[in-house]
Amino acid sequence: MPKRVLDISNVAYRWPGRAGFSLTVPRLSVAEGESVLLLGESGSGKSTLLSLICGTILPDSGKVCIAATDTSLLSGGARDKFRAEQIGVIFQQFNLLPFGSVLDNILLPLRFAPARRKRAGNAAAEAAALCAALGLPEDTVATKAIALSVGQQQRVAVARALIGHPPLIIADEPTSALDANSQAAFLDLLFSQTTTHQTSLLMVSHDPRLGERFDRVIRMEDIAQIKRAAA
């Protein structure tokens, strides 16, 4: 049985200052090398769930385990370091440093993650190899991020998430602004890299048409419950 890279059990979280708004997730797991699509509409709790997984907020009860580590038992600083080591994140808006070079942006997570930096070996060479694998021209590494097209920025964001082989990739609506052809091309690139390194992928979207590309599709309403105060 494949080991679980992500394992959530009996998690509950109440939003501060929003009496009556709470999220509960009895169970969610992602196995090593598995690709999972998490579907949910706006307001379904997707963003809160991702924040709980990444450890930027802590559950009021229950466990969020990444690579068999209960992140709620870590101090704030240790949790930040653990996240940098174990999770690669592809943000919806990419969140690149606009005036940093492509190389600067790709190497950024390694500054906070010595074990991940060690896994990368020659980090600059791995960054260049990722760029090549993702279809970016060889001279792109020296280009400022602000000068890239949207498609190129997206590929840099993928390379930044993948460098140093973190066991879990979280992708937050990365295809929401793309047409169908661009979505397919993006997923081809992403899956080619995660498959190569047996990386687990949890991608959040509102688009069920993407489901056929993933090992498993989960709907927020099937795994989570949001309680709202009565009007």
So is residue 214 free of Cβ contacts under 8 Å to residues at least 40 places away in the same chain and either crowded, with 17+ Cβ neighbours inside 10 Å or touching a helix residue (DSSP H, G or I) at 6+ places or on another chain (Cβ under 6 Å) (or both) or not? no
Pairs please, first residue from region 180-203 and farther than 23 Å from residue 7 by Cα, second anywhere and among the acidic types (Asp, Glu), Cβ atoms under 9 Å, 6+ apart in sequence or on different chains. 183/207
Condition check for residue 41: within 15 Å of the chain's Cα centre (by Cα) and not hydrophobic (A, V, I, L, M, F, W, C): no
Where residues in region 1-48 are closer than 21 Å to residue 205 by Cα and among the basic types (Lys, Arg), which of them is modelled with the lowest pLDDT? 46
Given (1) assigned to a loop (DSSP other than H, G, I, E, B); (2) at pLDDT 90 or above; (3) β-branched (Val, Ile, Thr), index of the condition residue 175 fails: (2)
Of all residues in region 29-51, count the ones that are assigned to a helix (DSSP H, G or I) and touching an Asp or Glu at 6+ places or on another chain (Cβ under 7 Å). 1
Residue that is farthest from residue 47 (Cα to Cα), among those in region 128-171 that are assigned to a loop (DSSP other than H, G, I, E, B) and polar (S, T, N, Q): 143
Give the residues of region 66-86 that are of a type outside the set (Val, Ile, Thr), in contact (Cβ under 8 Å) with a residue 12 or more places away in the chain and within 10 Å of residue 55 (Cβ to Cβ), sorted by residue number. 72, 74, 79, 80, 82, 83, 86
Could you list all residues from region 70-127 that are among the small types (Gly, Ala, Ser), touching a strand residue (DSSP E or B) at 6+ places or on another chain (Cβ under 9 Å) and assigned to a helix (DSSP H, G or I)? 72
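The values are calculated or read from the model by the stated rules, or taken from the named source; none is laboratory data. This structure is a prediction, so every number in the text was calculated from the model and none was measured. For neighbour counting, all protein chains shown are included, and Cβ atoms are generated from backbone atoms with ideal geometry for every residue, glycine included.
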